[in-house]
1. For residue 232, state whether it is surrounded by fewer than 16 Cβ atoms within 10 Å (Cβ to Cβ) and closer than 27 Å to residue 133 by Cα.
2. Where in region 212-328 are there strands (runs of 3 or more DSSP E), lying fully within it, with 2 or more residues that are under 22 Å from residue 126 (Cβ atoms) and not hydrophobic (A, V, I, L, M, F, W, C)?
3. Looking at region 95-125 only, could you name the residues that are surrounded by fewer than 24 Cβ atoms within 10 Å (Cβ to Cβ) and either modelled with pLDDT under 95 or not hydrophobic (A, V, I, L, M, F, W, C) (or both)?
4. Here are some residues: 167, 181. Which one is closer than 15 Å to residue 152 by Cβ, modelled with pLDDT of 95 or more and not in a strand (DSSP E or B)?
5. Can you say whether residue 293 is of a type in the set (Gly, Ala, Ser) and either surrounded by fewer than 20 Cβ atoms within 10 Å (Cβ to Cβ) or within 30 Å of residue 19 (Cβ to Cβ) (or both), as far as the supplied structure shows?
6. In the list 268, 248, 264, 242, which residue meets the criterion of being closer than 21 Å to residue 140 by Cα, of a type outside the set (S, T, N, Q), in contact with a Lys or Arg (Cβ under 6 Å, 6 or more places away or on another chain) and assigned by TED's automatic domain parsing to the domain that holds residue 153?
7. Which one of 261, 273 is of a type in the set (A, V, I, L, M, F, W, C) and surrounded by fewer than 17 Cβ atoms within 10 Å (Cβ to Cβ)?
8. In region 5-26, is there at least one residue being hydroxyl-bearing (Ser, Thr, Tyr) and within 19 Å of the chain's Cα centre (by Cα)?
Amino acid sequence: MFRWGVLSTAKIGREQLLPAIADAENGVITAIASRELSKARALADRFGAPHAFGSYEELLASDEVDGVYIPLPTSQHVEWTLKAANAGKHVLCEKPIALQAADIAQIIEARDRNKVLICEAFMVFYHPQWIKVRQLIAAGAIGRVRHVQGAFSYFNVDPSNMRNQLSLGGGALPDIGVYPSVATRMVTGKEPVRIQATVERDEKFGTDTYSSVKADFGDFDLTFYCSTQMALRQFMVFHGEHGFIEVHGPFNAGDYEHSRVELHNQTHTEATVFRFPGTRQYCLEVETFARAALGGGDDVFPLEQSVKNQKMIDAIFRAGEHDGWEYL
């Protein structure tokens, strides 16, 4: 069994990853750390973890932990990923793992030097609906892909929420803009060559709250928008010469909509629907990571892909500062 430690009592850990680890067939929650020991102890008791620590350093020093999950504020991801790797721990870090693509190079160096597994926690990579989309596109089910559309939005103006705090790495693009980009890249195997974007910021928070993006992938275009101050919505559509694929509940399947993939023919007279009832993408993520960390050779989302995805986000921010194309 892979022994997990968790750095912080953050909401996504409490609500998504800790329940997933608790239900995983090959992992167990061993330790919780918080800067407030009482919080760590309460969460450890809730999930049956035997150890609670009042500092992250204490957890990283523990011989009872094989690897850590890091759901800390984005601005702290690089720092604690490096500290965990240098302590000999495997690391699953929430996305984005860094706020600049250039910052990931030192994480790759630490991974290789310490011979540990480090992954950015893109749970969609492990969901069978996205594996199906990749298979359909590769098999030519919609012919040549010509256009991809997407959206991810929610409404949150809570000033205490880290997503609205620039100093903590908040903003729409770091939080949710990464999903249309990573999904498009992982199912097509293509990279953008140039980008146009409109990026708006909240005057009070300073964070980006709305972006409208056009990315030229050479063979096709991706257009998407993301926002932290718009009504709740998610969708992805892959439109080809011979048909199109709609992905329902593409990122938070079950929260926004039930996950399903619809394959439509060229004349929109026939559709094949693929459903994925009961799929728990976070559980698949932690199980796959644990197997890979223990030498199982499973396919995980590698840091090299994290660099490419962050380069795209960096380019969107740059494109938002001027008219015209930003080249990668």
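1. yes
2. 243-248, 260-265
3. 95, 100, 103, 106, 109, 111, 112, 113, 114, 115
4. After ruling out the rest, the residue left standing is 181.
5. Spelling it out, residue 293 is indeed of a type in the set (Gly, Ala, Ser) and either surrounded by fewer than 20 Cβ atoms within 10 Å (Cβ to Cβ) or within 30 Å of residue 19 (Cβ to Cβ) (or both).
6. Of 268, 248, 264, 242, the one residue that is closer than 21 Å to residue 140 by Cα, of a type outside the set (S, T, N, Q), in contact with a Lys or Arg (Cβ under 6 Å, 6 or more places away or on another chain) and assigned by TED's automatic domain parsing to the domain that holds residue 153 is 248.
7. 273
8. yes
The values are calculated or read from the model by the stated rules, or taken from the named source; none is laboratory data. If you're wondering where the values come from, they're calculated on a predicted model, not measured in any experiment. Heads up, the Cβs are rebuilt from the backbone with ideal geometry, glycines too, and the neighbour counts pull from every protein chain shown.
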